[in-house]
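The values are calculated or read from the model by the stated rules, or taken from the named source; none is laboratory data. The structure displayed is predicted, hence computed values, not measured ones. Glycine also receives a Cβ, built like all others from the backbone with ideal geometry; neighbour counts cover every protein chain displayed. Only protein heavy atoms, including side chains, enter the accessible area calculation; ligands, DNA and RNA are left aside. Shrake-Rupley method; radii C 1.70, N 1.55, O 1.52, S 1.80 Å.
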Amino acid sequence: VDHCVMCPGSHYANPEENHCLQKAVIFLAYEEPLGMALNYLSLGFSALTAGVLVLFVKYHHTPIVKANNQILTYILLITLTFCFLCPLLFIGHPTTATCILQQSRFAVLFTIALSTILAKTITVVLAFKITVPGRLIRWIMISRAPNLIIPICTLIQIVICGIWLSTSPPFIETNAYSEHGHIIIICNRGSPFAFHSVLGYLCFLALGSYTMAYLSRNLPDTFNEAKFMAFSMLVFFSVWVTFLPVYHSTNGKLMVAMEVFSILTSSA
């Protein structure tokens with residue numbers, strides 16, 4: 001009583017309050033059930049997407065693959081394969097490198113995927129919805145100008161990420177007070193405005209893809225890919241709009257797991 005000593009931040013008092021105990025360091029680890037489940041889901045979906053890509057390459061000479069805009073389909077499937085691998089950066093002990101790569105890699109890959117879908121839907125709309133195509137429309141279709149959407153949209157996202165990483169990049173954060181007896185290690189996203197700008201840009205692309213797909217939803221069954229795209233973009237948009245309030249109402253490794261789950265769901 002005469003010599004009361006406060007335990008340092010890395011320790012906590014035992015029940016008798018006569019000794020300081022070391023706090024356990026926790027993060028979303030591969031060894032725990034949650035981390036293991038997310039890891040297997042990530043690898044499984046990535047392998048499944050790669051398998052679809054192999055089928056498309058194997059049957060590249062068939063009419064259905066040719067009508068599906070081969071190049072854009074290959075880009076989309078390759079990008080989705082890597083999108084499913086993004087959660088692996090969120091699992092395990094955070095480092096400065098993984099913290100920076102988590103958000104930037106996820107943002108750029110999803111931008112490529114969404115801009116590819118946008119290019120596919122615009123191509124479909126131009127091909128089937130324009131009843132009296134003029135010279136400009138013919139030139140756009142022959143020159144495959146819609147494919148330029150992919151590098152342009154991706155470049156915009158890279159600029160946003162570049163500003164983010166140069167001004168307020170993500171960093172490792174330790175929280176020793178939110179959970180008794182534990183030190184939580186997570187990646188702080190840095191600038192909240194930049195993080196929400198990245199998500200907002202992705203949602204904008206998803207909404208654009210959904211709008212274009214919706215316009216071509218009533219095409220003949222031979223070209224009904226737009227129906228699935230409209231549904232996919234609606235789900236993607238819903239996932240990330242729902243993600244924001246849930247993400248901000250959790251903390252610690254559950255917050256990380258929530259982002260991983262959103263990445264897997266929207267990729268699927």
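The table below gives the values:
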quantity	calculated
Matching helices (runs of 4 or more DSSP H) fully within region 1-118 where at least 3 residues are among the aromatic types (Phe, Trp, Tyr)	33-58
Test: LEU85 is out of contact with any Gly (no Cβ under 9 Å at 6 or more places or on another chain), open to solvent by less than 70 Å² (accessible area, probe 1.4 Å) and under 21 Å from ILE158 (Cβ atoms)	yes
Condition broken by SER209, with the remaining ones in (1) surrounded by fewer than 21 Cβ atoms within 10 Å (Cβ to Cβ); (2) in contact (Cβ under 8 Å) with a residue 60 or more places away in the chain satisfied	(1)
Criterion violated by THR95 - all others in (1) at pLDDT 85 or above; (2) of a type in the set (Val, Ile, Thr); (3) buried (at least 17 other Cβ atoms within 10 Å of the Cβ) satisfied	(3)
Test: THR174 is open to solvent by less than 50 Å² (accessible area, probe 1.4 Å), β-branched (Val, Ile, Thr) and under 30 Å from PRO15 (Cβ atoms)	no
